[in-house]
1. Please express the shape of segment A:31-211 as an equivalent ellipsoid: the semi-axes are the square roots of 5 times the eigenvalues of the C-alpha gyration tensor, given largest first in whole angstrom.
2. Pick from A:Ala183, A:Ala142, A:Ala203: which residue has the top mean-square fluctuation in a GNM of chain A where Cα pairs under 10 Å get a spring?
3. Counting Lys and Arg as +1 and Asp and Glu as -1, each charge on the Cβ, what is the dipole of chain B about the Cα centre in debye, to the nearest 20?
4. Which longest uninterrupted range of chain B lacks any trypsin sites (Lys or Arg not before Pro) assigned by DSSP to a loop state (not H, G, I, E or B) and surrounded by at most 16 other Cβ atoms within 10 Å?
5. Along the principal axes of its C-alpha atoms, what lengths does chain B span, in descending order and rounded to whole Å?
6. In peptide A:5-13, how many Cβ atoms from other protein chains are near each Cβ within 10 Å, on average?
7. Loop only by DSSP, 12 or fewer other Cβ within 10 Å of the Cβ. Give me the chymotrypsin sites (Phe, Trp or Tyr not before Pro) in segment A:168-213 that pass, ordered by residue number.
8. Determine which lysines satisfy two conditions relative to A:Lys8: a Cα distance under 24 Å, and not lying fewer than 8 residues away in the same chain.
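Every number here is computed from the coordinates shown, using simple stated rules; none is lab data. Quantities reported herein were computed from a predicted structural model and do not represent experimental measurements. A quick note on method: Cβ atoms are made from the backbone with ideal geometry, for glycine too, and the neighbour counts reach across all protein chains shown.
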Amino acid sequence: MPLSPGYKSTVLRAPLRPLHAVEQSALERSGPALGNTALGPLDHDLIRNAAQGGDALGERIYVFGQVLDENARPVPNALIEIWQANAAGRYAHVKDGYLAPLDPNFSGCGRCVSDGEGRYLFRTIKPGPYPWPNNGSDWRPAHIHLSIFGEAFAQRLVTQLYFEGDPLIPLCPIVNTIPDPAAIDRLVARLDMRNQEPFDCLAYRFDIVLRGRRQTHFETRPEGA
Amino acid sequence: MMIGKLQETPSQTAGPYVHIGTAPQSIGRPPLTGQPGPRAEAEGERIIIEGTVFDGAGAPLRDAMLEIWQADSAGRVGAEGLFARCLADFDTGRYRFETVRPGPHREGQPAHVALLIFARGINLHLHTRIHFPEERERVAADPDLRRLEPEARETLIATQEAAGHYRFDVHLQGANETVFFDI
């Protein structure tokens, strides 16, 4: 829901009028070809891509999955940008004043492009939870922010993934802006022991489903009309 | 109604630290190769679009990320479409895009620039359109916009500051709340 009083920032930032529904045009059905960006060799590896002589501290993990559309069709060549706090819950950002320490070997910035089957992979550390000023001191569950460009501008998605079993998930006012528990569940990455790197890192699977061509505003119209 | 086999991944706010992943140079870190910035390169008449996003109390959003997507000067989309990204200024909240004047991508309709807004407190990015004041009459006749009240339609039209220089302010709430689209 746009206005979610439990998440205080929405109170003055959520539009109060209904969205104006229009049919997609050729503009929204196409999108920028950012999947062709020449990435650096470590862009997907947050353990090493800001290292100053050592690996980033924390629980070493893979975050991987598949980008799909609503018809379960893989979305290849999708640019995925991520950002996250370090293992202590601190962002390497000028505006983050949380008392937890920065990690000199970690910037929390990564990106990759999905392959021909829509698959993607990051290596990173599990971010820590952190407090934030909302209803006093609320706590964010561990999360990674993701920005995804699919094939169409109408598929643009910015979201956050959470980690299976985190007791902070149901307490989070930002998570709870989503009223449907099943939809929240789609933001939870699953521990996947088969895809661990033995004696190195755990693996969490997170599939991403981008919206298809939107026709729900015209649902009274007969199929094909 | 099209029903997919899978349900879409819900959106969550970009939060206040969006710069880390989308524009690290804006927080003093090295830029990433090929990452989009606020300038779109293409042939055509160069234009500037700048403005501010205001909240319901009239305060500028200083932590917003804005993205534009538009046709090229000949009205072509797809591979010829133009994309740019700008992070609001930390002090003033101003954004500023340098691009080219788009051609119309819909036959007979006025040209526009699609604008997306991401920020803390915005759970699903907002999608609006920037139209040009030279085309006010065609905007009024645009079949996508005809159903809007004239005052609402006016929120989609930029103000000309100088030749090729436009201002487009966004109001998230209030009497002149900008029209946002469900695409």
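1. The equivalent ellipsoid of segment A:31-211 has semi-axes of 24, 21, 16 Å.
2. A:Ala183
3. Using Cβ point charges on Lys, Arg, Asp and Glu, chain B gives about 380 debye.
4. Looking at chain B, B:6-145 is the longest stretch - no exposed trypsin sites (Lys or Arg not before Pro) with at most 16 other Cβ atoms within 10 Å.
5. Largest first, chain B extends 44, 41, 39 Å along its Cα principal axes.
6. Values: counts 0, 0, 4, 1, 10, 6, 5, 11, 18.
That average works out to 6.
7. Within segment A:168-213, the qualifying chymotrypsin sites (Phe, Trp or Tyr not before Pro) (loop, at most 12 other Cβ atoms within 10 Å) are A:Phe199.
8. Cα-Cα hits under 24 Å: A:Lys95.
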